[in-house]
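Peer 1: What follows is a structure written as structure tokens; I'll ask about it next.
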Amino acid sequence: MISYLEFEKPVAQLEARIAELRSAAEGDDVDITKELERLEVKSADLLASTYSSLTPWQKTQVARHPSRPHFRDFVEHIFDDFIPLGGDRNYGDDEAILGGFARLDGRRVVLIGHEKGNDTESRIRHNFGMGKPEGYRKAIRLMELAGRFGLPVVTLVDTSGAFPGIEAEERGQAEAIARSTEACLALPTPMVATIVGEGGSGGAVALASAERVLMFEHAVYSVISPEGCASILWRTAEKAPDAAEAMRVTAQHLKKLKVIDRIVKEPVGGAHRDPEAASKTLGKAIGQELDALAKMSSDEIRRMREERFLQIGTN
Amino acid sequence: MNWLTRVRNSLPFQSKRETNDNLWVKCPNCQEMLFAKEYEENQQVCMRCDHHGRIGADERLNQLLDMGYDLLEQPEVKEDPLKFKDSKKYTDRLKQARAKNPHRDAFSVGSGQIEGRDAVVGVQDFGFMGGSMGMAVGTAFCAGAERALTRNCAYVVVTAAGGARMQEGILSLMQMPKATVMTRRLHEAGLPYIVVLTDPTTGGVTASYAMLGDIHIAEPGALIGFAGQRVIQDTIREQLPEGFQRAEYLRKHGMVDMVVHRHELRDTLANLLDFLQGEKAA
């Protein structure tokens, strides 16, 4: 059973009516096939039209949808032979950021990403996808490993932000994020990052400073959460929808600003309605990007990555 | 000259005059009324409690660099790329900030010498929209690094910022990797990159170029951190420890090499440069 978002209510009502009709017609002689068909078409149309014109705030809700596919779903549907690797060799292992070796249609890669979890227990275990310094230091370790052994890096970004806590600060959250960004930029092999859900601030950019940045159609990427921005600039978190609009958090806006390179289509009604189909589309897109980059030398790749960021703000 | 302050404050007819901004300043820490000229001569450090006040870009450059340094022109960037508006238009906020500040934005670069040692110094001014990092700040940071590369000398950056400039949305976030491209180039060229963390340095600035120095110096009492204290408190619902995110606390936790009094900053930098780029004939 899917949980509906506030703006999906009309769709939910229609779908409820269809279900109702279906159960009422069971064992009945009246032929309602036609009516059902009509309603189903109507419902599908409504869903499609709703999702074709989502506001930035509605997209934020879709990006945070509890059933949205996360790292482990993508591993299951896109990659083969995933070998998880853990630990930062300093302090511990952070399960908010996962990583390891994997194959994408035969291509060997190092895969790194945030995992938010999909039920209470796993959400707590993965700290809701909010990485701690040891998580970013694990990412650095894996990127360095990838560089040394000539493997491209694929990252899946999905976090509301790096964890704000006493211990995280004490262990150098800022330094870990800065070094992780630096590790992305230093990588001599191809790197393809995808914002799959939420791309929240420094905690996202630390894994997304790649030469090719993809973004799911309904994902969001921003410098601060709309709630955070609203509470600072409007002095009330209730203005989050306005803040989401003003900050241009959607893939469509960010493509125009050249902050991302490619939008990956989601199934009608969002990735959470068909995680497998969403994953397949994403896998194909990442594969194409990797193949295009595979022809480039280390120097060319690094220069391309550097130029990408140096040019932001100059045009 | 504390006796003067005491005497002045004890005189009843002086009370009306103490609001004169040009003559007196109040220490934000101990609330002591300080004679402005004396406070300035003391490098905006409180004579009573040693609190290090926030200072503008020009004052900082003058304190650190030898006379006759070259002030770089702040690079032009696309203004208000998002057409951002909250309760006020971003362009109006910029106008307002510029009216109160001698510079176009929050990051100024001086190229010259520190006690005879070649150095480029970049300074972030908290007084300009909280020092926040937008495209102008990021681009000016890069221009400073570029100048250090051209001159083949050290880059010293004095940070002060609440974080990224929200009014530039994602483009402000992109300044983090952008600045990091340049710190890497300094590193590869074998040039020293020294960060002086001042009050306050938080958010995206801390999580990029402020934490990538070869040496990290902090001013006493400076607030330095990634997440804001209110955000942390709201998340973990615990009391924050005493001195949390202050310079001395970061020193204890290994994030900065030294906490240096403003009066000693210039000498300290000169000494470090001797080690990092060889001693210059004086």
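Peer 1: Counting only DSSP beta bridges with both residues in the protein assembly as shown, tell me the antiparallel percent, nearest 5.
Peer 2: Roughly 40 percent of the beta bridges in the protein assembly as shown run antiparallel, per DSSP.
Peer 1: So how do A:T194, B:T201 line up by other beta-carbon neighbours within 10 Å, fewest first?
Peer 2: Lowest to highest Cβ neighbour count: A:T194, B:T201.
Peer 1: Hey, another quick one. Taking every DSSP beta bridge that has both residues in segment A:59-311, what percent is antiparallel when rounded to the nearest 5?
Peer 2: Approximately 40 percent, going by the DSSP bridge assignments.
Peer 1: Ignore the peptide's own chain and count Cβ atoms of other chains within 10 Å of each Cβ in A:152-164; give me the average, rounded.
Peer 2: Mean number of neighbouring Cβ atoms from other chains: 2.
Peer 1: Okay, next question. Based only on other Cβ atoms within 10 Å, what is the fewest-to-most ordering of B:V25, A:V259, B:V121?
Peer 2: B:V25, A:V259, B:V121
Peer 1: Based on alpha-carbon centroids, what's the gap between segment B:159-197 and segment A:121-135 in Å, whole number please?
Peer 2: 27
Peer 1: If we count other beta carbons within 10 Å of each Cβ, what is the order of B:T206, A:T181, fewest first?
Peer 2: Ascending Cβ contact count within 10 Å gives the list A:T181, B:T206.
Peer 1: Output needed: Cys residues of chain B lacking any neighbouring Cys C-beta below 4.7 Å, sorted by number.
Peer 2: Cys with no partner Cβ under 4.7 Å: B:C142, B:C153.
Peer 1: Evaluate segment A:59-311: find the radius of gyration of its Cα atoms, find its Kirkwood radius, and give the ratio Rg to Rh.
Peer 2: Taking Rg over the Kirkwood Rh, I get 0.94.
Peer 1: Moving to a separate point now. In square nanometres, what is the average projected area of the Cα convex hull of segment B:160-282?
Peer 2: With every direction weighted equally, the projected area is 9.2 nm².
Peer 1: Where nothing but the Cβ of Lys and Arg (+1) and of Asp and Glu (-1) is charged, how large is the charge dipole of chain A around its Cα centre, in debye to the nearest 20?
Peer 2: With only Lys, Arg, Asp and Glu charged at Cβ, the dipole is about 1180 debye.
Peer 1: Which GluC sites (Glu not before Pro) does segment A:1-72 hold that lie in a coil by DSSP with at most 14 other beta carbons within 10 Å?
Peer 2: Taking segment A:1-72 and a limit of 14 other Cβ atoms within 10 Å, the loop GluC sites (Glu not before Pro) found are A:E26.
Peer 1: Per DSSP H run of n ≥ 4, the term is -39500 (n - 2.57); total these for the protein assembly as shown, divide by its residue number, and report the mean residue ellipticity at 222 nm rounded to 500 deg cm²/dmol.
Peer 2: -12500 deg cm²/dmol
Peer 1: First obtain the Kirkwood hydrodynamic radius of the protein assembly as shown from its Cα pairs, then insert it into the Stokes-Einstein equation at 10 °C and 1.306 mPa s, and state the resulting D in µm² per second as a whole number.
Peer 2: Here the translational diffusion coefficient equals 62 µm²/s.
Laboratory data are not the source of any read-out in this text; all were calculated from the coordinates shown. Note that the structure is a prediction, hence the values are computed from the model and not measured. Note: ideal-geometry Cβ built from the backbone for every residue, glycine included; neighbour counts use all protein chains shown.
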